[in-house]
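Working notes, beginning with the structure itself.
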Amino acid sequence: MPGPLNGPLNGPLDGLKVLEFSEIIAAPYAAMLLADMGADVIKVEPPWGEPWRLFQQFVPLESRTFMAVNRGKRSLPLDLTKPEGQEIVRKRCRTWTWSWSTTGPTCPPAWALITRPFPL
């Protein structure tokens, strides 16, 4: 029987690949639920981290709330204002199922990257 000692449990979203460009609580929480159901979620954030990491830290650069709403995800720190960071996102989007963004005006390059169609 699968489980923590015998291997991973596969949820109903197993195989769904999500690139998440979001901050603070609501959207990261929604993406956390996707991860809880088996999706492979990568949170793309700036190299210095999203602002919520620094709110009421209990260890350096980590807050309880940030850790709670980002559990089950992998993190990919990228500077989307630089061509190198943009190229990494373009390459990832070719193989990923879905992009999720709520960064809005705080990160215009993220919006531009995920709203343009990517050549396959």
| Only one of (1) surrounded by fewer than 18 Cβ atoms within 10 Å (Cβ to Cβ); (2) of a type outside the set (Val, Ile, Thr); (3) within 19 Å of residue 47 (Cβ to Cβ); (4) modelled with pLDDT under 85 fails for residue 87. Which number is that? | (4)
| Failed condition for residue 20, given (1) at pLDDT 85 or above; (2) of a type in the set (D, E, K, R); (3) assigned to a helix (DSSP H, G or I) | (3)
| Which pairs have Cβ atoms under 8 Å, sit 6 or more apart or on different chains, and link a residue in segment 31-52 that is on the phi > 0 side of the Ramachandran plot to one that is of a type in the set (S, T, N, Q)? | 38/10
| request: Please specify each residue of segment 67-84 satisfying the condition of being surrounded by fewer than 13 Cβ atoms within 10 Å (Cβ to Cβ) and assigned to a loop (DSSP other than H, G, I, E, B). | output: 71, 81, 82
| said: Name the single residue that is surrounded by the fewest Cβ atoms within 10 Å (Cβ to Cβ) among those in segment 23-64 being charged (D, E, K, R) and in a strand (DSSP E or B). | reply: 62
| Quick check, is residue 93 surrounded by 18 or more Cβ atoms within 10 Å (Cβ to Cβ), at pLDDT below 85 and closer than 16 Å to residue 48 by Cα? | no
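The values are calculated or read from the model by the stated rules, or taken from the named source; none is laboratory data. All values derive from a computational prediction rather than experimental measurement. Heads up, the Cβs are rebuilt from the backbone with ideal geometry, glycines too, and the neighbour counts pull from every protein chain shown.
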